Amino acid sequence: MLTQKQSELLAFLTSHMAEHDVPPSFDEMRDALGLASKSGIHRLVSGLEERGYIRRLANRARAIEILRPATAGQAITRAVSSAVEHVTLPLLGRIAAGTPIEALSDPTTHLEVPASMIGSGEHFALEIIGDSMTGAGILEGDTVLIQRADTAHHGDIVVALINKQEATLKTLLKEPGRVGLEAANPNYETRYFSTGEVEVQGKLAGLIRNY
């Protein structure tokens, strides 16, 4: 059985070959599936090849042969997926889910995501470094989608700026006279600060993971 992304890629390959008589490039596959890098496409292509759906021919550009074309249902799924509205978010750099790192940088690249993944308001994306939020399902290398906000509720996962110098992703704890930044990994202790030392920069709105 194929994963959803593998099915989408197979359907895209099938429709592209039927229309153009040549396989799409890796960049075209990446754009069609809305992935941030070609490494994710390489893994999906390898998965299709391992399962006997396609075959890659050595020493030839765009050399993909479809052995088992997408079914009608897969093609419909891909067509619906292509029609989904996307939005472009600034990718501001990396943020620590571990020991805090330097404050957020200016945007250097952008990321296209389905509009359904985010709500109203302004959003941005960050790449996760570290393992302190693994208990919340946030792993190193993931990309988190953040809704800009300067306030948050107790228990929200937030981007916190510490003393205007360090940024980190943690669960916000509100207590009388102080705030805590709690990890989701028992190897990290909860850190406490006075209320003036921590500024909320945004709240977790979504997550993207490339397999």
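Where a number appears in this text, it was derived from the coordinates with a stated rule and is not lab data. Just so we're clear, the structure is a prediction, and the values are computed from it rather than from any experiment. So basically every Cβ, Gly included, is an ideal-geometry build from the backbone, and we count neighbours across all protein chains shown.
Odds and ends about this structure:
- Loop-located trypsin sites (Lys or Arg not before Pro) in region 109-197 (DSSP state not H, G, I, E or B) with no more than 14 neighbouring Cβ atoms inside 10 Å: K164.
- Bridging of K5 to aspartates and glutamates at a Cα separation below 18 Å is possible for D27, E28, D31, E49, E50, E85, E112, D142, once same-chain residues fewer than 8 apart are set aside.
- Under 17 Å of direct C-alpha separation, and excluding same-chain neighbours fewer than eight residues apart, K174 reaches these aspartates and glutamates: D150, D156, E182, E189, E197, E199.
- Amide H contacts of M133: A184, each under 5 Å away and 5 or more positions distant or on a separate chain (H built 1.01 Å from N in the peptide plane; Pro and chain starts excluded).
- Region 86-208 shape via C-alpha gyration tensor axes, a/c threshold 1.5: prolate
- A simple charge model with +1 on the Cβ of Lys and Arg, -1 on the Cβ of Asp and Glu and nothing else charged puts the dipole of region 86-208 at about 220 debye relative to its Cα centre.
- Two-site FRET efficiency, N185 against H20, from Cβ-Cβ distance with R₀ of 41 Å, rounded to 0.05: 0.30
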